[in-house]
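Colleague: I am attaching a structure below and will ask some questions about it afterwards.
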Amino acid sequence: MRFSAPKGSYDVLPPESAAFLAVRDALSRPAILAGYEYIETPIFEDTALFARGVGESTDVVSKEMYTFEDKGGRSLTLRPEGTAGVMRAVIEHKLHAGQLPVKLWYAGPNFRYERPQHGRYRHFTQVGAEAIGVDAPMLDAEVVALAWDGYRALGLREFRLLLTSLGDSTCRPPYRALLQSFLNRLELDADTRRRVELNPLRVLDDKRPEVQAELEGAPVMVDHLCRDCAEHYDGVRTRLADVGVQWEEAPQLVRGLDYYMRTTFEFVHSGLGSQSAIGGGGRYDGLSAAIGGPELTGIGWALGVDRTLLAMRAEDIALPTRSRVQVYGVPLGAAAAERLFVLVASLRAAGVSADLAYGGRGLKGAMKAADRSGAAYAVVLGDRDIEAGAAALKDLRSGEQIAVPLDALVATIQELLS
RNA sequence: GUGGGUGUAGCUCAGCUGGUUAGAGCACCGGGUUGUGAUCCCGGGUGUCGCGGGUUCAAGUCCCGUCACUCACCCCA
């Protein structure tokens with residue numbers, strides 16, 4: 001039996017793993033700079049949390065959840081997205097009882113049972129940010145801008161921000177009825193007719209050209225916003241313009257999770273084939289109440305780490321390479337290896353990254369390893385150096401080499417590196 | 001879940017209409033040099049030809065199944 005990573009999952013291996021970490025850090029940094037604090041919630045939650053929070057009618061809940069029963073007979077589900085769990089934690093621990101908004105960020109894996117495809121995995125990693133408890137257009141704009149800043153910081157240029165408003169409980173129901181009556185007049189296949197009943201907004205986002213042709217002249221939500229929603233949306237756009245964020249109006253934009261309302265957005269990139277979304281989010285003012293909490297507004301996003309990496313590759317952006325050490329020990333013989341073992345420990349204690357050639361390689365092999373490690377300096381030590389009380393310190397870029405007394409090595413190296 | 005494509009070394013791939021011990025480049029390991037890394041020279045194949053069956057005197061090559069990957073649909077990060 002030869003094992004392999006489960007279908008739709010993948011291993012993050014060096015040297016690319018360095019890029020994975022760098023992307024995760026770059027996407028979360030803007031939120032950290034804006035005062036968002038780190039939160040970590042369980043990877044599994046009560047199944048009902050997602051069913052109620054995300055919505056029974058969504059594909060995510062109806063067919064993509066990894067659900068299992070534990071030994072105590074509880075139905076648990078590996079989280080398919082991050083917001084519901086965060087909101088649950090906020091409500092459970094009454095974080096909203098303090099100063100608002102509650103600003104949180106997180107990163108980690110999510111799970112959806114889907115057919116794998118380029119950029120679509122059953123196990124995927126997202127960085128998320130949520131701002132809970134304040135219903136202000138300015139906060140919406142901040143959240144969107146933080147994602148924008150993260151992508152820009154990575155050097156991405158060919159992404160677009162799609163923006164719209166999905167209305168709220170005042171204006172969406174009448175619009176929904178209006179859209180349904182429009183759609184019911186069209187010639188549509190059975191699957192699509194079913195969607196008209198279940199989630200008519202989703203029909204607008206159908207990619208099939210023949211369906212799009214039918215949709216000509218369909219009513220769109222943004223033309224039917226109530227006064228409050230329209231004002232809110234105007235405010236968001238004004239504030240986004242104030243900070244230089246560029247967006248495209250996307251009245252057909254629909255998200256896969258039921259809890260979104262009002263401000264809704266998606267970051268798309270052309271380099272990913274059909275999985276074009278690299279991040280998305282929106283306002284979820286009804287989520288808290290849907291999972292049994294108080295009336296509590298919120299807005300947030302989730303950005304795909306693996307998809308962002310693919311987008312960077314598509315744009316030929318140089319990815320951070322493997323982590324390197326500054327100093328590499330090259331021992332000649334067992335006694336020297338023992339000395340160097342202690343020396344690299346001292347270097348590390350002094351804040352200098354260091355490694356040495358393990359495994360009794362020959363001098364040539366050890367020097368090769370030093371070269372590949374990317375180290376600036378090699379410390380070559382053999383019996384005759386030990387006897388002389390000095391090691392050979394070699395500058396691996398210039399090739400120059402000097403003798404340094406053993407007890408002065410750490411200090412000398414620190415000085416050279418500063 | 002539906003349909004198409006692809007699976008040969010760590011990586012990228014070659015292997016013609018079935019034919020003998022399955023190859024190349026890169027990478028890797030060792031040696032040239034028990035005291036010096038990129039170059040150079042020499043040596044080393046590191047392989048369940050995805051897996052399982054079938055056809056055949058003979059299968060990496062043909063057929064069936066299966067698994068994985070991949071592309072599109074659906075959906076989404």
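The values are calculated or read from the model by the stated rules, or taken from the named source; none is laboratory data. No experiment lies behind these values; they were computed from the predicted model shown. Note that each Cβ is placed from the backbone with ideal geometry, even for glycine, and that neighbours are counted across all protein chains shown.
Colleague: Quick check: is even one residue across segment A:59-80 of a type outside the set (Gly, Ala, Ser), under 19 Å from A:Thr263 (Cα atoms) and outside any helix (DSSP H, G or I)?
Modeller: Keep residues of segment A:59-80 that are of a type outside the set (Gly, Ala, Ser), which gives A:59-61, A:63-71, A:74, A:76-80.
Applying the additional criterion that residues be under 19 Å from A:Thr263 (Cα atoms) yields none.
No - not one qualifying residue is present in segment A:59-80.
Colleague: To continue, here is another question. Can you run down the residue pairs with Cβ atoms below 6 Å, 6 or more apart or on separate chains, where the first is in segment A:92-109 and in contact (Cβ under 8 Å) with a residue 60 or more places away in the chain and the partner is acidic (Asp, Glu) and buried (at least 19 other Cβ atoms within 10 Å of the Cβ)?
Modeller: A:Leu104/A:Glu130
Conditions tested, residue by residue: (1) surrounded by fewer than 18 Cβ atoms within 10 Å (Cβ to Cβ); (2) of a type in the set (D, E, K, R); (3) more than 22 Å from A:Asp59 (Cβ to Cβ).
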| site | (1), (2), (3) |
| --- | --- |
| A:Pro174 | yes, no, yes |
| A:Leu178 | yes, no, yes |
| A:Leu183 | no, no, no |
| A:Arg193 | yes, yes, no |
| A:Pro200 | no, no, no |
| A:Gln212 | yes, no, no |
| A:Glu216 | yes, yes, yes |
| A:Met221 | no, no, no |
| A:Asp234 | yes, yes, yes |
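Colleague: Could you please find all residues in segment A:355-398 being within 17 Å of A:Gln326 (Cβ to Cβ), without any contact (Cβ under 8 Å) to a residue 24 or more places away in the chain and not in a strand (DSSP E or B)?
Modeller: The answer is A:Arg372, A:Arg397, A:Ser398.
Colleague: Given the residues A:Val134, A:Val102, A:Val143, A:Val86, which is the only one that is within 30 Å of A:Val243 (Cα to Cα), touching a Pro at 6+ places or on another chain (Cβ under 9 Å) and not aromatic (Phe, Trp, Tyr)?
Modeller: When all the criteria are applied, what remains is A:Val134.
Colleague: Can you tell which of A:Gly304, A:Gly281, A:Gly365, A:Gly293 is over 30 Å from A:Tyr260 (Cβ atoms) and not hydroxyl-bearing (Ser, Thr, Tyr)?
Modeller: A:Gly365
Colleague: Oh, and also: Starting from segment A:170-198, take each residue that is outside the structural domain of A:Cys229 (by TED's automatic domain parsing) and closer than 12 Å to A:Leu215 by Cα and list its partners that are among the small types (Gly, Ala, Ser) and not in a helix (DSSP H, G or I), counting only C-beta distances under 9 angstrom and pairs at least six apart or across chains.
Modeller: Within 9 Å, the pairs are A:Leu179/A:Ala218; A:Phe182/A:Gly217; A:Phe182/A:Ala218; A:Leu183/A:Ala218; A:Leu186/A:Ala218.
Colleague: While we're here: Within segment A:259-308, how many residues turn out to be near RNA strand B (Cβ under 9 Å from one of its atoms), in contact with a Gly (Cβ under 6 Å, 6 or more places away or on another chain) and not small (Gly, Ala, Ser)?
Modeller: 9
Colleague: Here's something else I'd like to know. I'd like the residue in segment A:48-69 that is more than 16 Å from RNA strand B (Cβ to nearest atom) and surrounded by fewer than 18 Cβ atoms within 10 Å (Cβ to Cβ) and, out of all such residues, is farthest from A:Arg202 (Cα to Cα).
Modeller: A:Glu69
Colleague: Given segment A:178-256, what helices (runs of 4 or more DSSP H) lie entirely inside it while holding 1 or more residues that are in contact with a strand residue (DSSP E or B) (Cβ under 8 Å, 6 or more places away or on another chain)? It would help to see each step written out before you state the result.
Modeller: Working: elements: A:190-198, A:200-203, A:209-214, A:227-242.
Of the helices (runs of 4 or more DSSP H) lying wholly inside segment A:178-256, those with at least 1 residues that are in contact with a strand residue (DSSP E or B) (Cβ under 8 Å, 6 or more places away or on another chain) span A:227-242.
Residue-wise test of (1) at pLDDT below 95; (2) of a type in the set (A, V, I, L, M); (3) more than 21 Å from A:Gly304 (Cα to Cα).
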position	(1), (2), (3)
A:Ala31	no, yes, no
A:Thr41	no, no, no
A:Gly53	yes, no, no
A:Asp59	yes, no, no
A:Ser62	yes, no, yes
A:Lys71	yes, no, yes
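Colleague: Let me ask something else about it. Hey, among A:Pro14, A:Pro42, which residue is farther than 28 Å from A:Ala131 by Cα and within 21 Å of the chain's Cα centre (by Cα)?
Modeller: A:Pro14
Colleague: Taking A:Gly35 as the residue in question, decide whether it is without any contact (Cβ under 8 Å) to a residue 12 or more places away in the chain and part of a loop (DSSP other than H, G, I, E, B).
Modeller: no
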